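A.B. asks: One structure follows; several queries about it will come next.
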Amino acid sequence: MIGLLGGGQLGRMMIQAAHALGERVVVLDPDAQGPAAQIADQVICSPYTDSDGLGQLSASAQVFTTEFENVPAESLRFLARHGRTMPDARSVAVAQDRIDEKQFIVSCGIDVAPHAVISRLDDFDDLEESLFPGILKSARLGYDGKGQHKVDTAAQARAAWQSMGSVACVLEKRLPLEREISVICARDQQGALAVFPVGENTHRHGILAVTRVPAAVSSAVAEQACQAARQIAQSLAYVGVLCVEFFVLSGGRLIVNEIAPRPHNSGHYTIEACETSQFEQQVRICSGRPLGDTGLKSCAIMLNVLGDAWFKSSASPVEPDWEAVRAQPDVYVHLYGKSDPRVGRKMAHVTCLGGSMDEALTRARIVADILGLDVGDGLA
Ligand code: ADP
Ligand code: MG
């Protein structure tokens, strides 16, 4: 049995992959009706830090993994006394703290955005002018653009910091992004590494909206991104599925934005478009199987569907026309089983395949139209 900390859609899709391989999964989550709990083989309904719940989990499974960003590293340390955790607490802790994360990436010889660490009021006194306009990001617990403020001056940054409760932050220079890409890699218990094709991401209001694969970058940039991801995974002695998000600046210069110690929203396309999905890879690693082939079978576009799609025509939620979406060829709908749609909440995703990028784009535009999605220039 695989023990899973966290019960969201990433966990749900991991369990689907586990079942296809004949593996069983026990989920620990405070929500007994969450996306993963609905299909788990066993559910332990408990806070992530509860010692009774963790005790039950450790008795039910031999290997432990996680599916959400902010799983307490302490809980992984507890589980590590009873079995192997994939990833380990240290990797998760590094990814959870933007200050440690940036320091670690720099220590790998890889560039990050120019930034300053803010931990006390004095830190605003000698800020470099070149960091503005910037973004103040809380060091911990941010996701989907939450815990971030755009700031143009040191005075604005100070006010924003105080409004955030004076928690530890990084002030990052706002960079002119040519595009955003991500690389998902998988490293197994023996240290073998497999890297998925590079995806290109479009965000709307800090939330991923579209991933298209392959990314429209040169093979040199793609290779450099894959090499950076491999190096980060190796330096962490990482075991599991890891996502590295990059900014591409003019001239193809690469900056690592952040890492996620788990399967990632920008890797959902792998379910239909790759020989092996990111979720199957995670299960393969947990169950001691060799890594699968990460080869791309066709061009792919993944569209995130937020709760917004339920509120196109009225203030009370109306189910989107999924049958119209499913009627399109080579289009795959994944509903996460969340009962209350809310604006900004990830409810589902749709993957559109094509023999060419143009074919995938044509399908994706039809789907985005049916669902009324805000994709920005993600399908341009
Ligand atoms: P989250 O943890 O919420 O994903 P990110 O740090 O990845 O936070 O920021 C979310 C998005 O905001 C990024 O994908 C990017 O579009 C934009 N962004 C973040 N930092 C910068 C920056 N330094 N310069 C320009 N855009 C940025
Ligand atoms: Mg991000």
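A.B. asks: Being surrounded by fewer than 18 Cβ atoms within 10 Å (Cβ to Cβ) and hydroxyl-bearing (Ser, Thr, Tyr) is the filter here; which residues of the stretch 225-268 pass it?
C.D. replies: Result: SER235, SER250.
A.B. asks: Which residues, taken from the stretch 94-114, are aliphatic (A, V, I, L, M) and open to solvent by less than 30 Å² (accessible area, probe 1.4 Å)?
C.D. replies: Across the stretch 94-114, the qualifying residues are VAL94, ALA95, ILE105, ILE110, VAL112, ALA113.
A.B. asks: Just to check your reading of the model, which residue among HIS205, HIS115 is within 16 Å of ligand 2 (Cβ to nearest atom), over 21 Å from the mean Cα position of the chain (by Cα) and closer than 17 Å to GLU245 by Cβ?
C.D. replies: Testing whether each residue is within 16 Å of ligand 2 (Cβ to nearest atom), over 21 Å from the mean Cα position of the chain (by Cα) and closer than 17 Å to GLU245 by Cβ leaves just HIS115.
A.B. asks: Now for a different question. Kindly state which helices (runs of 4 or more DSSP H) lie completely within the stretch 26-142 and contain at least 1 residues that are within 23 Å of ARG284 (Cα to Cα) and not charged (D, E, K, R).
C.D. replies: 51-60, 73-80, 89-96
A.B. asks: Look at the stretch 143-158 and say how many of its residues are within 16 Å of ligand 2 (Cβ to nearest atom) and in a loop (DSSP other than H, G, I, E, B).
C.D. replies: Of the stretch 143-158, the ones within 16 Å of ligand 2 (Cβ to nearest atom) are 143-150.
So of that shortlist, the ones also in a loop (DSSP other than H, G, I, E, B) come out as 143-147.
Counting residues in the stretch 143-158 that are within 16 Å of ligand 2 (Cβ to nearest atom) and in a loop (DSSP other than H, G, I, E, B) gives 5.
A.B. asks: So which residues in the stretch 174-220 are over 16 Å from GLY267 (Cα atoms) and either open to solvent by less than 20 Å² (accessible area, probe 1.4 Å) or among the small types (Gly, Ala, Ser) (or both)?
C.D. replies: ASP188, GLY191, ALA192, GLY206, ALA216, SER218, SER219, ALA220
A.B. asks: Suppose we filter the stretch 275-314 for residues that are at positive phi and open to solvent by less than 40 Å² (accessible area, probe 1.4 Å); how many remain?
C.D. replies: 0
A.B. asks: With (1) open to solvent by less than 40 Å² (accessible area, probe 1.4 Å); (2) within 18 Å of the chain's Cα centre (by Cα) as the list, and ILE271 as the residue in question, which single condition is left unmet?
C.D. replies: Against the list (1) open to solvent by less than 40 Å² (accessible area, probe 1.4 Å); (2) within 18 Å of the chain's Cα centre (by Cα), ILE271 comes up short only on (1).
A.B. asks: Are there any pairs, at least 6 apart or on different chains, whose C-beta atoms fall under 8 Å, with the first in the stretch 91-117 and of a type in the set (Lys, Arg) and at pLDDT 95 or above and the second assigned to a helix (DSSP H, G or I) and buried (at least 18 other Cβ atoms within 10 Å of the Cβ), and if so, which?
C.D. replies: From residues that are of a type in the set (Lys, Arg) and at pLDDT 95 or above, there are no pairs.
A.B. asks: Looking only at the stretch 137-169, count how many residues are surrounded by 15 or more Cβ atoms within 10 Å (Cβ to Cβ) and either hydroxyl-bearing (Ser, Thr, Tyr) or under 20 Å from the mean Cα position of the chain (by Cα) (or both).
C.D. replies: Within the stretch 137-169, residues that are surrounded by 15 or more Cβ atoms within 10 Å (Cβ to Cβ) and either hydroxyl-bearing (Ser, Thr, Tyr) or under 20 Å from the mean Cα position of the chain (by Cα) (or both) number 9.
A.B. asks: Here is a follow-up. When residues of the stretch 215-270 are filtered for being more than 14 Å from ALA186 (Cβ to Cβ), assigned to a helix (DSSP H, G or I) and in contact (Cβ under 8 Å) with a residue 12 or more places away in the chain, how many remain?
C.D. replies: Matching residues across the stretch 215-270 total 12.
A.B. asks: Still on this structure: Say whether the condition of being hydroxyl-bearing (Ser, Thr, Tyr), out of contact with any strand residue (DSSP E or B) (no Cβ under 8 Å at 6 or more places or on another chain) and part of a loop (DSSP other than H, G, I, E, B) is met by at least one residue in the stretch 277-287.
C.D. replies: Let us first name the residues in the stretch 277-287 that are hydroxyl-bearing (Ser, Thr, Tyr), namely 277, 287.
Then drop every residue that is not out of contact with any strand residue (DSSP E or B) (no Cβ under 8 Å at 6 or more places or on another chain), which leaves 277.
From what is left, the residues that are part of a loop (DSSP other than H, G, I, E, B) are 277.
Within the stretch 277-287, one or more residues are hydroxyl-bearing (Ser, Thr, Tyr), out of contact with any strand residue (DSSP E or B) (no Cβ under 8 Å at 6 or more places or on another chain) and part of a loop (DSSP other than H, G, I, E, B).
A.B. asks: Which pairs turn up if I take residues in the stretch 188-211 that are among the hydroxyl-bearing types (Ser, Thr, Tyr) and look for partners that are away from ligand 1 (no atom under 13 Å from the Cβ) with beta carbon separation below 7 Å, at least 6 apart in sequence or on another chain?
C.D. replies: Close Cβ pairs (under 7 Å, with a partner that is away from ligand 1 (no atom under 13 Å from the Cβ)) amount to THR202/VAL375; THR211/TYR269; THR211/MET302.
A.B. asks: Is it fair to say ALA348 is assigned to a strand (DSSP E or B), of a type in the set (A, V, I, L, M) and within 21 Å of GLY267 (Cα to Cα)?
C.D. replies: yes
The values are calculated or read from the model by the stated rules, or taken from the named source; none is laboratory data. These numbers were taken from a predicted model, which means no experiment stands behind them. Cβ sites come from the backbone with ideal geometry, for glycine too, and all protein chains shown count toward neighbours. The accessibility values were calculated without ligands, DNA or RNA, using every heavy atom of the protein model including side chains. Shrake-Rupley method; radii C 1.70, N 1.55, O 1.52, S 1.80 Å.
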